[in-house]
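**Student:** First the structure, then my questions, so here it is.
The values are calculated or read from the model by the stated rules, or taken from the named source; none is laboratory data. Fair warning: this is a prediction, and the values are worked out from it, not measured in the lab. Using ideal geometry, Cβ is built from the backbone for each residue, glycine included, and neighbour counts are taken over all protein chains shown.
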Amino acid sequence: MNVILDYIALFFIAIYAYLEAFIKLFIPAKRKSVSGDIVLITGSGHGIGRLTALEFAKLQSVLVLWDINKDGNEETAEQCRKLGAKAFPYVVDCSKRNEIYAAAEKVKTTIGDVDILINNAGVVFGVEFLELQDHQIEKTFEVNILAHFWTTKSFLPAMMKRNQGHIATVASVCGHIGLTYLVDYCASKFGAVGFHECMTEELASLGKDGIKTTCLCPVFINTGFVQNPSTRLWPVLTPEHVAKCFVDGILTNKKMILVPPSVKTFLTLSKFLPQRVISRINRMQEVQFSTKFRSATKMD
Ligand SMILES: NC(=O)c1ccc[n+]([C@@H]2O[C@H](COP(=O)([O-])OP(=O)(O)OC[C@H]3O[C@@H](n4cnc5c(N)ncnc54)[C@H](O)[C@@H]3O)[C@@H](O)[C@H]2O)c1
C-alpha cells in the first residue's frame with residue numbers, strides 16, 4: 001500500500017515539477033544579492049575564473065582569489081579593485097591538498113567564512129591515452145576533481161552551521177560525453193559532475209536547503225585552455241558569455257548550466273541512441289584542438 005501511495009505522490013510531484021518549469025519560462029528568475037558575500041574562486045588568474053571574479057566584483061562581493069600563477073592572479077585582483085570590490089589574491093597550488101588546507105585556514109582567520117565557493121581551476125593535456133605520463137594523469141585528477149574535495153571539506157562546515165552558502169563546480173560537456181584524446185580529462189570532469197550531483201542530493205537529504213549548488217558545463221571556450229578549438233555542431237564560446245551565464249546561474253540558484261543550452265537536447269538523445277550512432281555523431285562533429293602537449297589534435 002505504501003508503495004502505491006509513493007507512486008501516486010511521485011506522479012503528482014512530476015506534474016508539479018513540469019508545471020513549475022513551464023511557468024518559470026515566462027517569469028524572470030529572482031537574483032539573490034551577493035553584495036558583501038565572500039566569494040572564493042580557484043583558478044582566478046586567467047580565463048573563466050578571472051571573468052567570474054570580475055562579474056562578482058561588479059556586484060560588490062569580496063573576492064578571495066586562488067591561483068598557482070601569481071602575476072595573473074594579482075592582475076585579476078587589481079581589476080576587481082578597480083570595480084570597487086575588495087580582492088585578496090593567494091598563490092595556491094590546487095593540486096596540493098596541504099596547500100589548500102593551509103590557505104583555507106588563513107582565509108577563515110583573516111577574511112572570514114566563505115559564502116560562495118567556486119571550484120574552477122583546471123588542467124588539460126589532450127594527448128592519446130598511451131602517451132599520457134603517469135604524473136600527467138595524477139595532475140589532471142588532483143586539480144580537476146580532488147581539489148574540490150579539499151576546498152569543500154574546508155569551507156562546508158561553516159556553511160552547514162548557518163545553513164547558508166553556495167558550492168559551484170566548473171565541469172564541462174566533457175563531464176557528460178567521452179571524447180578522443182581526453183580520457184583523463186573527461187574522466188575527471190565526469191567526476192566533477194558526479195561530485196556536484198551527489199553533493200546536491202546529500203545536502204537535500206540532510207535538510208540543508210539553504211546551501212545551493214551549481215554546475216557549469218560548457219563546450220569549447222576561447223580562453224587559450226586549448227588552442228584552435230573547433231567543432232561542427234557547436235560554436236566556440238567567448239569567455240565573457242560563459243562567465244555571464246555562470247554568474248547568472250549562481251545568482252538564480254540554477255543547478256546545471258549547459259552552454260549552449262542546445263547541448264541538453266544532444267545529451268538527452270545520447271541516453272537513448274545506440275553506441276554506434278553516438279560514435280558516428282562524435283566523428284561528425286569534427287572536434288579539433290591542440291594543446292601545448294600535442295599539436296593539431298584531430299578526432300578522426
Ligand atoms: N576553455 C575551455 O574550452 C573549457 C571548456 C569547458 C570547461 N572548461 C573548464 O573551465 C575551467 C577554467 O578553464 P579556462 O578555460 O578558464 O582555462 P585557463 O587556462 O584560462 O584558466 C585556468 C586557470 O587555472 C589555473 N590553474 C591551473 N592549475 C592550477 C593549480 N594547480 N592550482 C591553482 N590554479 C591552477 C591557471 O593558472 C589558470 O589561471 C577549467 O576547469 C576547465 O576545465 C574549459
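**Student:** Quick check, is V123 out of contact with any strand residue (DSSP E or B) (no Cβ under 8 Å at 6 or more places or on another chain), buried (at least 20 other Cβ atoms within 10 Å of the Cβ) and under 21 Å from F246 (Cβ atoms)?
**Tutor:** Criteria met by V123.
**Student:** Something else: Restricting the search to segment 80-134, which residues are in a helix (DSSP H, G or I), among the aromatic types (F, W, Y) and within 16 Å of the ligand (Cβ to nearest atom)?
**Tutor:** If the condition is that a residue be in a helix (DSSP H, G or I), among the aromatic types (F, W, Y) and within 16 Å of the ligand (Cβ to nearest atom), then Y101 is the only one that fits.
**Student:** Filter segment 21-36 down to residues that are surrounded by 10 or more Cβ atoms within 10 Å (Cβ to Cβ), in a helix (DSSP H, G or I) and either touching a Cys at 6+ places or on another chain (Cβ under 6 Å) or at pLDDT 85 or above (or both), then give me how many there are.
**Tutor:** Counting residues in segment 21-36 that are surrounded by 10 or more Cβ atoms within 10 Å (Cβ to Cβ), in a helix (DSSP H, G or I) and either touching a Cys at 6+ places or on another chain (Cβ under 6 Å) or at pLDDT 85 or above (or both) gives 0.
**Student:** What are the pairs, 6+ residues apart or on separate chains, where a residue within segment 224-244 that is without any contact (Cβ under 8 Å) to a residue 40 or more places away in the chain and part of a strand (DSSP E or B) has its Cβ under 6 Å from a residue that is within 11 Å of the ligand (Cβ to nearest atom) and not β-branched (V, I, T)?
**Tutor:** That search, which allows pairs on different chains as well, returns L237/P218.
**Student:** Return the only residue of V247, V242, V287, V277 being over 21 Å from G194 (Cβ atoms) and touching a Pro at 6+ places or on another chain (Cβ under 6 Å).
**Tutor:** That would be V242, the only listed residue that is over 21 Å from G194 (Cβ atoms) and touching a Pro at 6+ places or on another chain (Cβ under 6 Å).
**Student:** Answer yes if at least one residue in segment 53-76 is outside any loop (DSSP other than H, G, I, E, B) and touching a His at 6+ places or on another chain (Cβ under 6 Å), and no otherwise.
**Tutor:** yes
**Student:** Scan segment 251-295 residue by residue and report those that are touching a strand residue (DSSP E or B) at 6+ places or on another chain (Cβ under 9 Å), touching a residue at least 24 places away in the same chain (Cβ under 8 Å) and assigned to a strand (DSSP E or B).
**Tutor:** M256, I257, L258, V259, Q288, F289, S290, T291
**Student:** While we're here: What's the number of the condition C80 fails, among (1) crowded, with 23+ Cβ neighbours inside 10 Å; (2) under 19 Å from G122 (Cβ atoms)?
**Tutor:** C80 satisfies every listed condition except (2).
Here's the yes/no breakdown for (1) within 26 Å of V287 (Cβ to Cβ); (2) touching a Phe, Trp or Tyr at 6+ places or on another chain (Cβ under 7 Å):
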| position | (1), (2) |
| --- | --- |
| F125 | yes, yes |
| Q133 | yes, no |
| W150 | no, yes |
| V170 | yes, no |
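**Student:** Given the structure, is K212 within 11 Å of the ligand (Cβ to nearest atom) and of a type in the set (K, R)?
**Tutor:** Answer is no for this residue.
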